[in-house]
1. Suppose the filter is farther than 22 Å from Thr73 by Cα, in contact with a helix residue (DSSP H, G or I) (Cβ under 6 Å, 6 or more places away or on another chain) and open to solvent by 60 Å² or more (accessible area, probe 1.4 Å); does Thr136 pass it?
2. Could you tell me whether any residue of the stretch 141-154 is under 16 Å from Thr196 (Cα atoms) and open to solvent by 20 Å² or more (accessible area, probe 1.4 Å)?
3. Checking the structure you have, find out if any residue of the stretch 189-205 is over 27 Å from Ser78 (Cα atoms) and open to solvent by 60 Å² or more (accessible area, probe 1.4 Å).
4. List the number of the failed condition for Val77; all other conditions in (1) of a type in the set (A, V, I, L, M); (2) touching a Gly at 6+ places or on another chain (Cβ under 7 Å); (3) under 30 Å from Ala223 (Cα atoms) hold.
5. How do the helices (runs of 4 or more DSSP H) wholly within the stretch 1-89 filter down when requiring 1 or more residues that are at positive phi, open to solvent by 60 Å² or more (accessible area, probe 1.4 Å) and modelled with pLDDT of 55 or more: which remain?
6. Got a sec? Which of Gln184, Gln224 is within 17 Å of the chain's Cα centre (by Cα) and over 19 Å from Lys42 (Cβ atoms)?
7. Taking the stretch 202-218, which residues are of a type outside the set (A, V, I, L, M) and modelled with pLDDT under 95?
8. Kindly provide the set of residues from the stretch 126-163 that are over 20 Å from the mean Cα position of the chain (by Cα) and not β-branched (Val, Ile, Thr), ordered by number.
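The values are calculated or read from the model by the stated rules, or taken from the named source; none is laboratory data. Just so you know, these numbers come straight off a predicted model, no measurement behind them. Note that we place each Cβ from the backbone using ideal geometry, even for glycine, and neighbour counts take in every protein chain shown. Calculation scope for accessible area: heavy atoms of the full protein, side chains included, ligands and nucleic acids excluded. Shrake-Rupley method; radii C 1.70, N 1.55, O 1.52, S 1.80 Å.
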Amino acid sequence: MIGAVLVAGCGSGHERPSATETARARASHAADAAPLSVRQLKALTFRDGEVPQVHGGEVPLEPSHAEKGGGRTFPPVSDPACQVVMDTRDAKGSFARISQIFNWKDSIWPGASTLASYEGGKAVAAFGRLQGGLKTCRSYTGTGWVGPFKAELTPEKAPRLGDEAVSYEVAIPMPEDKRLNQYQYTVVRVGSVIVTFSTQDLGRHASFPADLMRKQVERISAAQRKR
C-alpha cells in the first residue's frame, strides 16, 4: 500500500496542467505585462491589400474618440444586463483601443473590428461581466443615432478562438417597414486584449469572415507571447 502511495505521489508531480490552469497562467502573465498602446494595437490591424473581401483592398482605421474630440453619448438602455453587454462591446474601461472598417464587396453594410487592451486583470473581469450579461439579456429599449429603438438579443455558438469567446446577434426593426436590421457580434479575449468583430445586414443573418477573425486573433496572441 505504501509503495502504491509513493508511486502515485511521484506521478502527480509530472502531470500536465489542465486547460483551466493553462488559461489562468496566461491570464496571470497578461496581467503582469504593460497593456498594449494605441500604436501597438494599430500595428496588429490589417493593412491595405491584405483583405481581398473588401472594396479596393482598403481597410481604413476609425479615429478613436480621443482623436475625434469626444463622441455623442446616449442614456443607458432599459435592461442593465444588456447595457453591460454594450459597454464591453464598446470597450468601456479599456486602456487603449482602435477600430477598423471593412467595406465588403458583397454588401452595402460594412463590418468592423475593435481591438482593446486592458490593464492588469481587467480584460478577464470585463469578459466575465460580458458573459454574465449575456445570460439574461434578451430584449431592451434605448435611444440611438436615429432615435428610440427596441432590440432583441439572441446568443449564438461561438467559434473556438483565443482564451474565450462569445457570439450573439442583435435584431432591431427598421422604423420604415419593420424589416430587421441584424447585427452579429463575436467577442474574443486574447490575454489582456479583447477584440470585437461585428457585421450587419438587412433582413438576413450576417457573420464576420472566419479566416479574418482567426488571423486577427493569431496576430494579437503572437504579439503578447513576444513580450
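1. Yes, satisfied.
2. No, the stretch 141-154 contains no residue that is under 16 Å from Thr196 (Cα atoms) and open to solvent by 20 Å² or more (accessible area, probe 1.4 Å).
3. no
4. Tallying (1) of a type in the set (A, V, I, L, M); (2) touching a Gly at 6+ places or on another chain (Cβ under 7 Å); (3) under 30 Å from Ala223 (Cα atoms), Val77 fails exactly one: (3).
5. Counting at least 1 such residues, we get no helices (runs of 4 or more DSSP H) at all.
6. The unique qualifying residue is Gln184.
7. Scanning the stretch 202-218 gives Gly203, Arg204, His205, Ser207.
8. Ser139, Tyr140, Gly142, Gly144, Trp145, Gly147, Pro148, Phe149, Lys150
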